[in-house]
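Where a number appears in this text, it was derived from the coordinates with a stated rule and is not lab data. Predicted, not measured: the structure shown is a model, and the values here were computed from it. Cβ coordinates were reconstructed from backbone atoms using ideal geometry, including for glycine residues, and neighbour counts include every protein chain displayed.
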Amino acid sequence: MTTAVRAAIDSVRSGSRPAPASADAWGELVRTELAGITRPSLRPVINATGVVLHTNLGRAPLPAAAVAAIQEIAGGYSNLEYDLAAGERGSRYSHCVALLREITGCEDALVVNNCAAALILAVDTFARDREVIVSRGELVEIGGSFRIPDIMRRGGARLVEVGTTNRTHLADYASAITPDTGAIIKVHRSNFSITGFTAEVSAAQLSALGKEKGVSVVHDLGSGLLIPLDEFGLRDEPTASDALRNGADVVTLSGDKLLGGPQAGIMLGKAAVIEKLRANPLARALRVDKLTIAALGATLALYRDRAMALREIPVLAMLSATPESLQSRAQGIAAALRKRGVRCDVVASESSVGGGSFPNAALPSFAVALDGIAELLEKSLRAADPAVIGRIRDGKLLLDVRSVQPREDEALVSAVAKALA
């Protein structure tokens, strides 16, 4: 309370707030400051940008089943590292393995805390103080200015670049292999595309070369797609099962992108290879906690039924939503806002997948366009409770409904109406 009182006085002295005219007004100002001080730093927002996997807004929202699993595990003890059947110590790494085997066809799996960690663990295991071969066209930069070559070097490897930015051939890899080669890395370019005069070597070709030369092949899939989405206009993204069939020793993918679960790095592969990764002491430093395991397991279980996965996993539900359903929702939101005195229209929009996935995909959508000065509206909505994040296009602030979950529609209306009152 003392801090809030001092903040109220300082705001008046600095001129950022007018001086209250009464004791009651001073009390209200102090309560406002107190609310700001005690508000959690991390809090929910409504994503109305149209970018489904928005990295800055936390990527994949969890399915209800995953949230329930977290609540069930978080409030008490669990068999995290206890084998209930044997009555002895178990392994936290065992909990999601059976589901990953069932869904992807892998022999074994390991879960670490994110996909970059998975790549570091693979490089450290197969190529510490040795060489790693990678195409120049696959030396990508991911979010937050983190670059694949930097991550590989942190894994203790010496990077050997082959080919050119736009064209790399199998012979380039073959000629670069030496007795000191520890691994070949195939990086899926999930967050950009190269077109025109191009050539790249498939994962299947690299896997065959690795087996011939006795060199481990790691396929960094990244995006985490488990089921095809071609019927929704999202094509040319390999699934984890596709990558495994191509024969790589290890396939790595993210848990919080197209998979639709919590942040995690998932490693799939042959049993002997995964066991080698699991035995690396670095795996302990990169391990996941019980809440991640609970959420990931609950999300993976939904993939046993494709229709259920598309319906219950928010990312998949948003990506598979039809333009007609989105238009209907946008019209309902706009009508509710007009009743609250907010001037707005429904306009056609284009949304995107985000999260470094399907970089060329433009998904037809609909948005509520708010009347007024877009920059001022945008600032007001960021201060709402919950905050609403939209995007500005052609001088209008748009609230694209594709990235808004249907259960959030009423909260969106309420937040916008209160913020713009």
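Placing unit charges on each Cβ (+1 for Lys and Arg, -1 for Asp and Glu) gives region 64-309 a dipole about its Cα centre, and among T181, V215, A264 the Cα reaching farthest toward its positive end belongs to T181. Each peptide in 159-169, 349-359 receives the mean, over its residues, of other Cβ atoms within 10 Å, and ordering these scores from highest gives 349-359, 159-169. Computed over the chain, relative contact order equals 21 percent, with contacts defined as Cα pairs under 8 Å that lie 6+ residues apart.
Contact order for region 64-309, expressed relative to its length and based on alpha carbon pairs under 8 Å spaced 6+ residues apart, stands at 27 percent.
The chain gives an Rg/Rh value of 1.04, both radii derived from C-alpha positions and Rh following Kirkwood. Within the straight-line cut-off of under 25 Å between alpha carbons, the lysines reachable from K379 are K339, K396, K418, sequence neighbours fewer than 8 places apart in one chain being disregarded. Each of the peptides 91-100, 361-370, 127-136 was scored by the mean count of other Cβ atoms within 10 Å over its residues; in descending order, highest first, they stand as 361-370, 127-136, 91-100. Remark: the chain carries a charge dipole of roughly 720 debye about the Cα centre, counting +1 on each Lys and Arg Cβ and -1 on each Asp and Glu Cβ. Its relative contact order, with pairs defined as Cα atoms under 8 Å and 6+ residues apart, puts region 209-359 at 19 percent. Only beta bridges with both residues in region 151-297 are counted; by DSSP, about 40 percent of them are antiparallel. Within the listed set A384, A86, A122, the residue fluctuating most in the Gaussian network model of the chain (springs between alpha-carbon atoms under 10 angstrom) is A86. Taking the alpha-carbon centroid of each part, what is the distance from region 361-384 to region 393-413 in angstrom? If you average the Cα positions of each part, the centres end up 7 Å apart.
For the chain, modelled as a GNM whose springs connect Cα atoms under 10 angstrom apart, the maximal fluctuation among K270, K339, K257 occurs at K339. About its Cα centre, region 64-309 has a charge dipole of approximately 360 debye under the convention of +1 per Lys or Arg Cβ and -1 per Asp or Glu Cβ, with nothing else charged. Using the Cα coordinates of region 19-102, the gyration tensor eigenvalues translate into equivalent-ellipsoid semi-axes of 45, 21, 9 Å, sorted from longest to shortest.
What the phi angles of region 218-224 give under the Karplus curve with 6.51, -1.76 and 1.60, with θ = phi - 60°, is a coupling list of 10, 10, 8, 7, x, 5, x Hz, glycine and proline written as x.
Placing unit charges on the Cβ atoms only, positive for Lys and Arg and negative for Asp and Glu, gives region 261-309 a dipole magnitude near 140 debye about its Cα centre. Calculated mean residue ellipticity, 222 nm, the chain: -12000 deg cm²/dmol, from DSSP H runs (n ≥ 4) at -39500 (n - 2.57) each, averaged per residue and rounded to 500. The fraction of Cα-Cα pairs per 10 angstrom bin, counted from 0 for region 64-309, comes to 7, 32, 35, 19, 6, 1, 0 percent, rounded to whole percents. In terms of its alpha-carbon gyration tensor, region 291-384 comes out prolate; a/c meets the 1.5 threshold, and the first ratio a/b outweighs b/c. In terms of the Cα gyration tensor, with a ≥ b ≥ c the square roots of its eigenvalues, is region 221-293 rounded because a/c is under 1.5, prolate because a/b exceeds b/c, or oblate? Since a/c reaches 1.5 but b/c is at least a/b, the shape of region 221-293 is classed as oblate. Straight-line reach from K257: taking Cα to Cα under 27 Å and skipping same-chain neighbours fewer than 8 places apart, the lysines in range are K186, K270, K276, K290.
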